[in-house]
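One structure is given here, and the rest of the page talks about it.
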Amino acid sequence: MQQEQNSKSQLFNLAFNIILPVIILNQLGKKLGVNGPLIALIVALSLPIGYAIYEYLKIKKINIFSVLGVVNILLTGGLALFQVEGIWFAVKEAVFPLAIGLAVLYSAFTSKPLINMLIFNENILKVDQIQNKLDEFGTSEIFLKELKKSTIYLSFSFFMSAILNFGLAVYVFVEIPKNLNKIDQAAALNEQIAKMTWMSYIVILIPSLIFMGLIFYHLSKAIEKNTGLKFE
């Protein structure tokens with residue numbers, strides 16, 4: 001049942017953050033007349049913001065990554081409304097994963113490395129059972145060092161995303177011809193935002209998943225070594 005709910009949540013997440021905004025930005029603006037591009041932009045940006053608010057009301061818990069995502073969307077909308085082009089979108093696309101990476105890296109030097117929230121939690125691992133074994137073997141401090149090391153590796157994945165995001169944004173957000181009227185310029189910018197939305201999902205997600213897989217493998221080996229427990 002829990003797995004089914006998680007699958008539905010991921011599907012809604014994908015729909016409201018990627019699929020529907022891309023369709024709206026590409027298609028809706030062309031059918032609404034003079035203010036079509038602006039309306040399409042507002043509707044497309046409101047979907048992920050609305051979904052983030054819905055998720056918060058449902059679980060009653062603030063997710064820092066969701067907050068950063070909403071701020072990112074608002075900045076995208078702000079740049080688009082002021083019809084800022086090119087390099088500023090590239091800078092924005094790089095700044096957010098860079099900021100997250102720095103926050104993750106900082107957490108590695110605290111008592112609560114961020115890897116705890118993403119991987120070392122009850123939704124993925126039997127944390128209580130692992131902690132009992134760590135206490136029994138006297139390896140809690142050693143394992144904490146492994147958590148911190150995994151968190152540092154995780155920060156590298158965000159730094160990689162910052163580089164990929166910047167390069168992709170430079171490729172996508174090309175200069176819009178000045179001989180186009182304001183409506184066509186706005187529509188062209190919407191299309192660039194839509195293209196960046198779906199391309200970044202592919203270009204950034206795949207390397208990030210590979211990185212997360214390697215980190216999870218490293219962490220599972222550290223658990224086995226320090227607790228005597230098997231992965232299963």
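Overview of values
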read-out: Estimated FRET transfer efficiency when R0 is 22 angstrom, pair Met199-Leu75 (beta carbons, to 0.05); value: 0.75
read-out: Heavy-atom accessible area ranking, 1.4 Å probe, most first, across Met199, Met212; value: Met212, Met199
read-out: Solvent exposure, largest accessible area first (probe 1.4 Å, DNA, RNA and ligands not counted), of Ile215, Ile73; value: Ile73, Ile215
read-out: Cα gyration tensor, the range 94-232 - rounded (a/c under 1.5), prolate or oblate; value: prolate
read-out: Most mobile listed residue (Pro48, Pro177, Pro207) in the chain, GNM with C-alpha springs under 10 Å; value: Pro177
read-out: Distance-filtered residues of the range 198-221 - backbone nitrogen under 19 Å, label point 7 angstrom along Glu136 Cα→Cβ; value: 220-221
read-out: The range 142-232: relative contact order as a whole-number percent, Cα under 8 Å and 6+ apart; value: 45
read-out: Within a Gaussian network of the chain (alpha carbon springs, distance under 10 Å), most fluctuating of Val43, Val104, Val22; value: Val43
read-out: The chain: relative contact order as a whole-number percent, Cα under 8 Å and 6+ apart; value: 26
read-out: Net charge contributed by nearby residues that have their C-beta within less than 12 Å of Phe109 (K/R +1, D/E -1); value: +4
read-out: Debye, to nearest 20: dipole size of the chain, +1 on Lys, Arg Cβ, -1 on Asp, Glu Cβ; value: 180
read-out: Cα gyration tensor shape of the range 120-164, rounded if a/c is under 1.5, else prolate or oblate by comparing a/b with b/c; value: oblate
read-out: Positive-end residue, the chain charge dipole about Cα centroid, Cβ charges, pick of Ile130, Phe16, Leu144; value: Phe16
read-out: Local electrostatic count at Ile152 - Lys and Arg +1, Asp and Glu -1, tallied over other residues with Cβ under 14 Å; value: +2
read-out: Leading residue at positive end of dipole, the chain (Cβ point charges), from Phe96, Leu214, Asn35; value: Asn35
read-out: Nearest-10 value in Å² for the accessible area of Asp135, using the 1.4 Å probe; value: 100
read-out: For the range 95-152: rounded, prolate or oblate by the Cα gyration tensor [a/c cutoff 1.5]; value: oblate
read-out: Residue-count net charge about Thr76 - beta-carbon cut-off 10 Å; Lys, Arg +1, Asp, Glu -1; value: 0
read-out: Ranking by accessible area, most exposed first, for Ser46, Ser155 with a 1.4 Å probe; value: Ser46, Ser155
read-out: For Val170, solvent-accessible area (1.4 Å; no DNA, RNA or ligand), Å²; value: 80
read-out: Which labelled figure in (1) 29, 20, 16; (2) 35, 18, 17; (3) 41, 19, 13 is semi-axes √(5λ) of the Cα gyration tensor in Å, once derived from the coordinates; value: (3)
read-out: Linear extension gain, Ile124 paired with Ile19, 0.36 nm per residue minus alpha-carbon span; value: 35.1 nm
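The values are calculated or read from the model by the stated rules, or taken from the named source; none is laboratory data. All values reported here derive from a predicted model rather than from experimental measurement. Cβ: placed from backbone, ideal geometry, glycine included. Neighbour counts: every protein chain shown. The protein model used for the area step is the full one, side chains on, heavy atoms only, and it has no ligands, DNA or RNA in it. Shrake-Rupley method; radii C 1.70, N 1.55, O 1.52, S 1.80 Å.
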